[in-house]
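Below: the structure, in structure tokens.
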Ligand code: ADP
């Protein structure tokens, strides 16, 4: 017999397409196993301020195809203090909620780890972020949808870029991780990607110009991860204007449209599998783990590993992009 009788679900931090599919999966899998389910609104804020509703299977009907999160999301400073977390714990006790499924990124899972340890409270995390920057999982919920959105946008920009002979910097999300920029560049046939992982080692802009990347083409598209380490698209365009004034440079910042839209089949399936696996983990008395996927199999990654380690970019991606953009 497992010890868990109920589960609270929350989404926290940056939203990602597929979060709804994950909420649906946790809800349905938990009810299927006889657990009570509580939807917690606005992330950790809703925990502290008791914005909680008991969920039935109907609460999650007709949401698998919707972007965003029906539970809303928020950033909550109070949860970073012991007093705030104590309030959250008191609410859970009062409500009779004895486990949590937290869907979010690096920050949200850091909060989950601290809370789980502080109160010995059963928590399982689901990686919900378009950045794909959590260690121990091949991919995260929302990443595939964002990548497809980027690809569609770059396809459109290419039409106008080739009509004028221009250098386009297209800025994509990915605070500390270049997955969206690099794979977005490969998927859209862009000339290069400038990513934080490499920016610390070489000056990617001067390498790019030195390589004469525009010689055989009448336009060039470079995807840039938004990180301060890369300088972002605006910073790079400014540098080009100053250091290489011969180039006609333009900037597009894709911004929040990367977070929106109906999730792809891959994201819906991933979120559904992870949601069901999160309930399994709680019922098996696993603690402080993030559900991940490795080689198409569900894995459980300790929070400390998922959060603390930098996820490496596969070595072949950079060289593939370089070789295919000649
Ligand atoms: P994401 O989950 O997308 O990375 P954030 O980094 O903004 O988003 O984190 C979301 C929320 O998680 C924060 O607003 C805060 O409530 C909680 N959180 C983040 N880091 C911590 C921490 N070290 N301790 C407690 N709570 C945290």
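The Cα center of the range 147-214 and the Cα center of the range 259-320 differ in position by 26 Å.
Rounded to the nearest 500, the helix-only mean residue ellipticity at 222 nm of the chain stands at -13000 deg cm²/dmol, with each DSSP H run of n ≥ 4 adding -39,500 (n - 2.57).
Computed on the Cα trace of the range 102-141, the radius of gyration divided by the Kirkwood hydrodynamic radius gives Rg/Rh = 1.00. Contact order for the chain, expressed relative to its length and based on alpha carbon pairs under 8 Å spaced 6+ residues apart, stands at 24 percent.
Find the percent of Cα-Cα distances in the range 104-243 that exceed 21 Å, and round it to a whole number.
In whole percent, the share of Cα-Cα pairs in the range 104-243 beyond 21 Å is 48.
The C-alpha atoms of the chain define a longest principal axis, and helix 265-283 lies at about 30 degrees to it. Computed from Cα atoms, the angle from the helix 143-163 axis to the main principal axis of the chain rounds to 20 degrees. Applying D = kT/(6 pi eta Rh) to the chain, where Rh is the Kirkwood radius over alpha-carbon pairs, T corresponds to 25 °C and eta to 0.890 mPa s, the Stokes-Einstein value obtained is 119 µm²/s. Rounded, prolate or oblate: pick one for the range 163-302, where a ≥ b ≥ c are the square roots of the eigenvalues of its C-alpha gyration tensor, a/c under 1.5 means rounded, and failing that, prolate if a/b is larger than b/c, else oblate. Prolate is the answer for the range 163-302, as a/c is 1.5 or above and a/b outweighs b/c. Taking a ≥ b ≥ c as the square roots of the eigenvalues of the Cα gyration tensor, the range 1-110 is oblate, since a/c reaches 1.5 or more and a/b is not larger than b/c.
What is the helix-to-structure angle for 232-243, meaning the angle in degrees between its Cα long axis and the longest Cα principal axis of the chain, kept from 0 to 90 and rounded to the nearest 10? The answer is roughly 20 degrees. When peptides 139-148, 171-180, 281-290 are ranked by their average number of other Cβ atoms within 10 Å per residue, the highest-first order is 139-148, 171-180, 281-290. Taken along the Cα-to-beta-carbon direction at a fixed 7 Å, the label points for residue 62 and residue 244 span 5.2 nm.
Since every read-out is calculated from the coordinates, none of them should be taken as a lab result. All values reported here derive from a predicted model rather than from experimental measurement. Here Cβ is always computed from backbone atoms with ideal geometry, including for glycine, and neighbour counts include all displayed protein chains.
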